[in-house]
1. Please specify each residue of the range 17-40 satisfying the condition of being in contact (Cβ under 8 Å) with a residue 40 or more places away in the chain and assigned to a loop (DSSP other than H, G, I, E, B).
2. Which condition breaks for residue 85 when tested against (1) part of a strand (DSSP E or B); (2) buried (at least 16 other Cβ atoms within 10 Å of the Cβ)?
3. Being of a type in the set (Gly, Ala, Ser) and at pLDDT 95 or above, is that true of even one residue in the range 52-65?
4. Restricting attention to the range 158-204, which residues are in a helix (DSSP H, G or I) and among the charged types (D, E, K, R)?
5. Just to be sure I understand, how many residues within the range 191-225 are free of Cβ contacts under 8 Å to residues at least 12 places away in the same chain, within 17 Å of the chain's Cα centre (by Cα) and closer than 26 Å to residue 176 by Cα?
6. Go through (1) free of Cβ contacts under 8 Å to residues at least 12 places away in the same chain; (2) of a type in the set (Ser, Thr, Tyr); (3) within 28 Å of residue 139 (Cα to Cα) and name the single condition residue 48 misses.
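The values are calculated or read from the model by the stated rules, or taken from the named source; none is laboratory data. From a predicted model like this one, the values you see are computed outputs, not experimental measurements. Positions of Cβ are backbone-derived with ideal geometry, glycine not excepted, and every protein chain shown enters the neighbour counts.
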Amino acid sequence: MIVIKPQVLVPEGQLDEGLLRRLERYTRVCYKSEDRMGDEFNPDFLKSKVAIGHESVIEHEKATVMFIVDRGVTHEIVRHRIASYSQESTRYCNYSRDKFGNEITVIEPYFFSGEAYETWAGGCLAAEKAYLALLRQGCSAQEARSVLPNSLKTELVTTYNMREWRHFFNLRCSAAAHPQMRQAAIPLLKLFQQRLPALFEDVPCDTNFPVEHYAEVVITDDLFNPLSTIGISGR
């Protein structure tokens, strides 16, 4: 059994500042004020529209990321609409095969330590043993998955328009959200706030969440090949 920490992969081009200028142009159609556009993006214009709830205009642009988290967390993510999702399938992925190392991969819950951690790890190992036994007994992957743990690692490609990203962050960065959901959502919000402040700087988050447990945010190319890792602070 492989134990890893959560990550979020973000293609460099997804948070291109150019989308803000496009959104300004689209929004100005409502007021026929395109003649007032300057050579640079005007952040105050877009922020003022978002502040009064005129958020339909930001639905014109989207961003796609890949969450690498446990399946329990993805059950919360996929509740969001409007969205597109592509997820690693336990129906079609047979973890006994060489490409998966002949074992399952699980996401480490940051909140377990000591005896609780050993209990969790033992439970996941028992699930892995049962899963592999079912496969050896002739069960298909989609049948054997019945015993896989909630902690199973999964990859979820997620696309939202900018309005839905605001909704996602408002819900999933709150202190009321599941701790592993906050673990992935808060550092991602911090990145969106750095790159697209006019759309996201007003979105609150749980400032008491421990920074040392933030999921790693990795900047990638368009095909999710890593380019660099972002250091996200708690500020």
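1. 17 - this is the single residue of the range 17-40 that is in contact (Cβ under 8 Å) with a residue 40 or more places away in the chain and assigned to a loop (DSSP other than H, G, I, E, B).
2. Just one mismatch for residue 85, condition (2).
3. yes
4. Scanning the range 158-204 gives 163, 164, 166, 172, 182, 190, 195.
5. 2
6. (3)
The rows are residues; the columns are (1) buried (at least 20 other Cβ atoms within 10 Å of the Cβ); (2) in contact with a Lys or Arg (Cβ under 9 Å, 6 or more places away or on another chain); (3) modelled with pLDDT under 95.
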residue: 173; (1), (2), (3): yes, yes, no
residue: 185; (1), (2), (3): yes, yes, no
residue: 198; (1), (2), (3): yes, yes, no
residue: 204; (1), (2), (3): no, no, no
residue: 209; (1), (2), (3): no, yes, no
residue: 212; (1), (2), (3): no, no, no
residue: 219; (1), (2), (3): no, no, no
residue: 222; (1), (2), (3): no, no, no
residue: 230; (1), (2), (3): no, yes, yes
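Per-residue answers, yes or no, for (1) over 27 Å from residue 220 (Cα atoms); (2) not in a helix (DSSP H, G or I):
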residue	(1), (2)
90	no, yes
112	yes, yes
119	yes, no
130	yes, no
142	yes, no
